[in-house]
Amino acid sequence: MIVRATALVWLALVSQAGALELALPQAARLTVERNTGPDSYSAPINPFENGTLETVTIEGDVARSAWKLEAAGLTPLQVLRPLRSQLVAEGYEVVLDCTAPVCGGFDFRFATETLPGPNMYVNIRAYQFITAVQGPLSAPTSVVTVLASTAPTSAYVQIIQAGSSGQSETPIADDQTPLLAAAENDLAGALVNQGHAVLSGLDFGSGTATLGSAGDAALERLAAFLKEQPTVRIALVGHTDSVGGLEPNIALSRSRAVAVRDRLTQNYDIPPAQIEAQGMGYLSPVASNLTAQGREANRRVEVILLSQD
């Protein structure tokens with residue numbers, strides 16, 4: 001079991017009814033904390049479907065924290081279940097409980113507020129998410145969301161609570177400082193603060209994965225960031241417009257992501273193990289495919305910050 005009666009740390013969250021204490025394993029290490037207030041938080045209440053994510057918004061103090069647990073072989077459910085049980089015992093109603101594919105995979109993760117990597121790592125293929133509320137869903141008095149994700153040798157937990165009252169502060173964990181120092185250009189800043197960014201200016205032949213040199217400036221910035229942060233891992237994710245079938249577009253988008261990875265490894269000496277390459281086809285648009293401008297915006301390669309080894 002993850003949670004043991006003799007090996008717990010207590011995370012105090014202030015709610016309308018008083019102090020809510022969630023027990024985490026003693027080995028859990030706080031990686032980042034960010035508290036704001038008064039603020040608002042939009043918590044998912046349904047999976048990502050039909051291009052949208054249904055949320056409930058609550059105003060008040062918002063407390064965000066991420067934790068890392070060094071343990072091999074865990075599943076997201078093993079990490080999340082004790083926390084879910086504690087919330088239910090405190091009178092919270094779980095209104096959303098979904099795993100990666102059911103939640104909506106990439107789309108759900110990037111439509112949901114997530115603390116930036118490497119302090120919070122989200123494995124797109126292995127995460128679980130819950131939203132728990134006190135009070136009626138139409139006007140909750142307190143909302144807590146928990147996101148648990150696992151890697152081969154570690155697990156990460158993000159906890160966000162909103163709706164409390166009182167003073168708030170905005171501390172930043174010490175081990176986020178090196179990454180913040182890297183945010184000297186827009187690309188690095190977006191990766192640090194948002195966890196993902198679009199590689200602008202990439203030049204691919206129509207319907208091909210042949211990469212020209214027009215986007216070299218963006219690749220140079222990304223390569224510089226990766227060299228400054230050699231323990232960081234990223235995923236390159238290709239996207240297309242909606243012209244053509246799904247399977248060919250997924251294959252094309254992945255080939256384009258692979259082409260970018262190859263350029264980074266061959267021209268900039270970035271270790272291949274530092275970069276994954278995936279393709280989403282037309283499944284994650286950022287604009288309407290009904291216009292030429294929208295289709296152009298949808299044809300892109302994004303870089304996603306995964307973790308810090």
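The values are calculated or read from the model by the stated rules, or taken from the named source; none is laboratory data. Being a predicted model, the structure only gives us computed values, none of them experimental. Don't worry about glycine lacking a Cβ; one is built from the backbone with ideal geometry, like all the others, and counts go over all protein chains shown.
Could you say whether any residue in segment 128-143 is within 30 Å of Asn298 (Cβ to Cβ) and under 14 Å from the mean Cα position of the chain (by Cα)? Yes, some residue in segment 128-143 is within 30 Å of Asn298 (Cβ to Cβ) and under 14 Å from the mean Cα position of the chain (by Cα).
Could you check how many residues of segment 206-257 are basic (Lys, Arg) and surrounded by fewer than 21 Cβ atoms within 10 Å (Cβ to Cβ)? So that I can check it myself, show each step before the final result.
Just the residues of segment 206-257 that are basic (Lys, Arg), to begin with: 221, 227, 233, 254, 256.
Checking which are surrounded by fewer than 21 Cβ atoms within 10 Å (Cβ to Cβ) leaves us with 221, 227, 254.
The total comes to 3.
Does Ala72 qualify as being under 22 Å from Leu22 (Cβ atoms) and not in a helix (DSSP H, G or I)? Spelling it out, it is not the case that Ala72 is under 22 Å from Leu22 (Cβ atoms) and not in a helix (DSSP H, G or I). Within segment 220-238, the residues that satisfy the criterion of being of a type in the set (Gly, Ala, Ser) and either within 17 Å of Pro116 (Cα to Cα) or not in a helix (DSSP H, G or I) (or both) are Ala235, Gly238. Residues in segment 87-104 that are in contact (Cβ under 8 Å) with a residue 12 or more places away in the chain and surrounded by fewer than 19 Cβ atoms within 10 Å (Cβ to Cβ): Val88, Glu90, Gly91, Glu93, Val94, Val95, Asp97, Cys98, Thr99, Val102.
Can you pull out the residues in segment 152-169 that are modelled with pLDDT under 75 and either surrounded by 20 or more Cβ atoms within 10 Å (Cβ to Cβ) or not assigned by TED's automatic domain parsing to the domain that holds Lys68 (or both)? Please lay out each step first, then the result.
Initially, segment 152-169 is screened for residues modelled with pLDDT under 75, giving 164-169.
Passing the criteria: only Ser164.
Annotation note: of Leu24, Leu20, Leu13, the sole residue that is surrounded by 15 or more Cβ atoms within 10 Å (Cβ to Cβ), assigned to a strand (DSSP E or B), at pLDDT 80 or above and assigned by TED's automatic domain parsing to the domain that holds Phe106 is Leu24. Residues in segment 116-144 that are touching a Ser or Thr at 6+ places or on another chain (Cβ under 8 Å) and either of a type in the set (Asp, Glu) or part of a loop (DSSP other than H, G, I, E, B) (or both): Gly117, Pro118, Asn119, Met120, Tyr121, Val122, Asn123, Ala126, Gly135, Thr141. Within segment 29-61, the set of residues being part of a strand (DSSP E or B), of a type in the set (A, V, I, L, M, F, W, C) and more than 16 Å from Pro116 (Cα to Cα) comprises Ala43, Val56, Ile58.
The condition (being of a type in the set (A, V, I, L, M, F, W, C) and within 30 Å of Asn119 (Cβ to Cβ)) is satisfied by just one residue among Ala209, Ala251, Ala292, Ala217: Ala217. Closer than 22 Å to Ser154 by Cα and not hydroxyl-bearing (Ser, Thr, Tyr): does that describe Leu53? No, not satisfied.
If I ask for residues that are in contact with a helix residue (DSSP H, G or I) (Cβ under 7 Å, 6 or more places away or on another chain) and either of a type in the set (Val, Ile, Thr) or modelled with pLDDT of 90 or more (or both), which ones from segment 209-220 would you list?
First pass over segment 209-220, keeping only residues in contact with a helix residue (DSSP H, G or I) (Cβ under 7 Å, 6 or more places away or on another chain): 209, 211, 218-219.
Once the filter is applied, which keeps residues that are in contact with a helix residue (DSSP H, G or I) (Cβ under 7 Å, 6 or more places away or on another chain) and either of a type in the set (Val, Ile, Thr) or modelled with pLDDT of 90 or more (or both), segment 209-220 yields only Leu219.
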